[in-house]
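The values are calculated or read from the model by the stated rules, or taken from the named source; none is laboratory data. Every value quoted in this text rests on a predicted model; they were computed, and no experiment measured them. Cβ placement follows ideal geometry from the backbone for every residue including glycine, while neighbour counts extend to all protein chains displayed. All accessible areas refer to the heavy atoms of the entire protein, side chains included, with ligands and DNA or RNA removed. Shrake-Rupley method; radii C 1.70, N 1.55, O 1.52, S 1.80 Å.
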Amino acid sequence: MMTSPSKASHSTCASLSRTTITRGQRRMQLTYENQEEILEEPSLSTPTDFKAFQFPYSPYSIQHDFMTHLYEAIEQRKVAIFESPTGTGKSLSLICGSLKWLQDHVHRHDEAASDANDTTATSTDASDAYDAELKRAAQKDALALYREELDARIRRVREREEKERRGTAKHWRKKQKLSSSDDAANPTITSLTDDDSEFVLEEYHSEGEDDGRDGEPKVTMPDDAADNLSNEVKELMKRLQQQDQTANMSSGSGYRQLLDDREEEELEPDEPKIYYASRTHSQLTQFIHEICKTAYADDLRAVPLGSRKNLCINKEVRKLGGVQRMNERCLEMQKAGGCWEIGLKGSSTKPEHRCPHLPTKDKSRILDFRDHTLIVTLPYQLLLHPSSRSSLGISLRNHVIIIDEAHNLIDTITAIHTCLLPLAQISLAQNQLSMYLSKYKSRLKGRNVVYVRQILGILRGLEMVVRKWVEGKGKGEKEAMVSANQFVHEAGIDHLNLFKIEKYLRKSQVARKIQEQEAQQQQSKTFGGTAAASFSTVPSLSQVETFLMALTHADKDGRVVMGVGDSPAEELYVKYMLLNPANAFRDVVEEARSVVLAGGTMEPIADYLHHLFPYLPPDRLSRFSCGHVIPQENLITLAVAEGPSSMPLEFTFEKRSDAKLIDELGQIVVNLCNLIPDGVVCFFASYAYLEQVTRRWEGSGGVLERIGKRKKVFREPRQANEVEQTLRDYALCIDSSETGSPLNGALLLCVVGGKMSEGINFSDRLGRFGTELFHHHMTTTAIHFGLLIIYFGYLTFVPFHGSLPLRRGVIMVGLPFANLGSAELTEKMRYIQERPGATPDAAKDYYENLCMRAVNQSIGRAIRHRNDYATIILLDRRFCTPRIRSKLPGWIGERTEECAKFGKTVGKVAAFFRKWKTLEGRGAAEGVGS
């Protein structure tokens, strides 16, 4: 079983050095390889025996190759792109390959020391051997000292936190008791009448302003009288204050406490670990379950990072349901100390009772997270967004980063750094900040007033430039696009330091204070607090902060769009659009030891090389792509150019609405549903086109009625909460089909890039494409792993796994090209084409690759395991062109046949399933005979 970090031994950091610092005690300091003091890192040899990886099953050759390539890539500090089709054991290969390296890495110095002893015994150069032995002994001593002092520091911090926690909870209970008594005596008087000093900003000094620490809020004088004093008087008062503070603390425990706090703040050890990121929490949960299948789970220490919705342990808060309500209630309880009641009711020393969302001042939690953890699982957003990493105290330096389901990584990075700011939010933030300044101006100290006024000027500038564009825009014009520098200049804010203002917004937490004040005022009007629940959990000023941070990207890396929303609201907005994801991802690549991108369908890989890693030298990049484990004859892929009536199949945007073409498509689907047993999944380019086609197919004697005689028809819902039920009904319909019955399976109509084309793996006879269906049930036991708590669930799979191999069909209708009329896509393609070194077809390749990546993700899960068999039908004559076929995954492209006539398609599909029906019958007969 996985162990809590508090009970586990510490792993060894391969890049530590020891320095002695006189401050009453000796201490360790981390030094990484790009700094002056370096510990020599002995190289690791890649295991050649598959047993060394402790794979839980007998691995296929491609799985062994995957693990060895992964081990080498991490050891050689490379950026690696791995493509392993669905059903080839990608997750287990990632786990065993990376954890084997981490296991060896922990002991690399011990092994090196052992090798050194052997070398010393036979060495003819006694002096060199003696020096090497001394060096390795010093390394081991440094590591041992580091572990010992880290344990002692964590114990001290936890003892102090426990006292604070009990004291705060006691105060909270007393306050609640008094508040209840007051409410009973006078129901109209609540705690909302308390002093509002909590909403006043602490004194803030920006860079270079006599605070000694860049941008840290601090409180020095009781009022704003210091603003009228000279700099010399201020400096004298500061020195006197520091001397008094030192004198008061040096004779008692306060001085030692200050030293401990400083050392704990300055010393943040961070041993090499694995950060595993994926798109959703359900995928991360499945990854943890895969780890539990391996031998590594016995000693593994893991931390899952996530939102309150997924990790909150308070039953009352979880009952609120909505994310916004949970966030607001959580913050309220943290403020009052109420969430700590969970621990006090049981045993506050038990880690499973500790709130996973306590503030970051809970330093033992941070130390657990940094030093007791081997693997951290987290969603994309927490890894890819710098401010999210900073708020969690995550450093990627010298760690291994594994990004699974990386086929949409470029789009995800672009989306994270793209920010839309409605004009209504700008106006709201401006009004809120103006009222805040008017109310608290006399109580704000330091540079707060200056910064608040600067932010108000920015808000007015943003509003002005958008309204100016509206007044001058032409009739029917929906968008205008300018560079970031031009936008900042037109807004009149180019003289301001946006980095310092963003830093002020982040450190002063002015957005949160304004939001809490607004919520309290709203709540006070109702005497019951019901209005506060409807208050937005994202402050308006925080959205402005995100937009300002986006403007600090390099001017050439993005554009600012001013636009009008769709009718009827036609809301005005300003939007920052990222064009260059490479620079946004570069800090991750440069800090990490190794970055691994993995996916079932990574083709076309050229996009990653050209648009994500153009700055990396070829020897830093590594690529691995494997075929499938199925035999060649288990898959047939057909590119169909014509329909039954010899009508050319070309589903371009201009032609696809033709009624005759839609009727031709209907006849094709009817014929294929008669030939393919069990389940069929048919993909369309968009929801709009799916609706257009189904409207044409409806009615008496229509296509849907004809299909319904053989298969029940299901359609992908637009609402996410309806997806699971649709999949369950579809699956049960297939599983309940009886041999010889006229009704044989089901047809599922889906959308490329929709809810059913991402991360869904249909099992057994479900065919076609997708995902094991499950419910995530919370267990009653929470396991605490350092920083956060997770309830490990179990997967309840739908009980329709048949004993027969898969029989499935996937139909792809046309090529889902993006709308070239989009101003954002046009600007992106222009940016790509105008980059230095771009090929003449760079923009065209990008446009095609966007389409083919979506196609590959949809069709790439047709096969789930070695005994599966399936057919993939590509309906568009453009699939017959070499340029498009070359962008299919290798294991699909090499099996693709061109069918110029539809008759050939019918013959091949019929023969394929007839063969498998014969083989299944023969296998069943042999089973009975044995």
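For this structure, a couple of remarks:
- Using a probe of 1.4 Å on the protein chains alone, the accessible area found for THR552 is around 30 Å².
- Full-stretch length increase - ASN485, GLU41 - with 0.36 nm per residue and alpha-carbon distance subtracted: 155.3 nm
- Largest-first ordering by accessible area, 1.4 Å probe, given options ARG861, ARG656: ARG656, ARG861
- Whole-percent pair-distance distribution, where bins are 5 Å wide, for the alpha carbons of the stretch 559-611: 4, 13, 14, 16, 14, 10, 11, 11, 5, 1, 0
- Unsatisfied cross-links (Cα-Cα over 31 Å) in the set LYS478/LYS500; LYS309/LYS575; LYS473/LYS500: LYS478/LYS500; LYS473/LYS500
- Debye intensity ratio I(q)/I(0), log10, the stretch 390-454, q values 0.17, 0.25 Å⁻¹ (C-alpha model): -0.84, -1.11
- In order along the stretch 287-303, the Karplus-derived 3J(HN,Hα) couplings, from 6.51 cos²θ - 1.76 cosθ + 1.60 at θ = phi - 60°, round to 4, 4, 5, 5, 4, 5, 7, 9, 6, 5, 4, 4, 10, 7, 10, 10, 10 Hz, and Gly and Pro are given as x.
- In sequence order, the stretch 609-620 has phi-based couplings of 5, 8, 10, 10, 10, x, 8, 7, x, x, 6, 8 Hz under the Karplus curve 6.51 cos²θ - 1.76 cosθ + 1.60, θ = phi - 60°, and Gly or Pro positions carry x.
- Distances between placed amide hydrogens fall under 5 Å for GLU897 paired with THR637, LEU638, ALA639, all partners being 5 or more residues away or on another chain.
- Between ILE605 and GLU571, the contour length at 0.36 nm per residue exceeds the Cα-Cα span by 8.4 nm.
- Simple label model, 7 Å out from Cα along Cβ direction - GLU834 to SER438, nm: 4.5
- Computed across the stretch 824-930, the Kirkwood radius stands at 17.2 Å (inverse of mean 1/r, all Cα pairs).
- Fully extended contour minus Cα-Cα distance, from ASN819 to ARG883, at 0.36 nm per residue: 21.0 nm
- A convex hull fitted to the Cα coordinates of the stretch 574-699 yields 227 cubic angstrom per residue.
- Around PHE547: net Lys/Arg minus Asp/Glu count, Cβ-Cβ under 13 Å: -2
- Residue order for PHE817, PHE651 - accessible surface, 1.4 angstrom probe, largest first: PHE817, PHE651
- Residue-wise HN-Hα couplings along the stretch 634-642, as the Karplus relation 6.51 cos²θ - 1.76 cosθ + 1.60 with θ = phi - 60° gives them from phi, are 7, 9, 10, 10, 10, 9, 9, 9, 9 Hz; Gly and Pro carry x.
- Using a probe of 1.4 Å on the protein chains alone, the accessible area found for HIS105 is around 0 Å².
- If R0 is taken as 45 Å, the Cβ-Cβ distance between GLU724 and SER127 corresponds to a FRET efficiency of 0.05.
- Of LYS90/LYS293; LYS293/LYS917; LYS78/LYS503, those spanning more than 24 Å from alpha-carbon to alpha-carbon: LYS293/LYS917; LYS78/LYS503
- For the set LYS51, LYS908, solvent exposure ranked by accessible area (probe 1.4 Å, protein chains only) runs largest to smallest as LYS51, LYS908.
- Net charge over other residues, Cβ less than 14 angstrom from the Cβ of GLY708 (K, R count +1; D, E count -1): +4
- In this label model, LEU456 and LEU145 are separated by 5.6 nm, measuring between points 7 Å along each Cα→Cβ vector.
- Radius 12 Å from Cβ of LYS901, net charge of other residues (Lys, Arg +1; Asp, Glu -1): +1
- Here VAL752 sits with roughly 20 square angstrom of accessible surface, probe radius 1.4 Å.
- For LYS711, the amide hydrogen comes within under 5 Å of the amide hydrogens of ASN744, counting only partners 5 or more places away or on other chains and with H modelled in the peptide plane.
- Calculated log₁₀ intensity ratio I(q)/I(0) where the Debye formula runs over C-alpha points of the stretch 713-752, q = 0.25, 0.26 Å⁻¹: -0.82, -0.86
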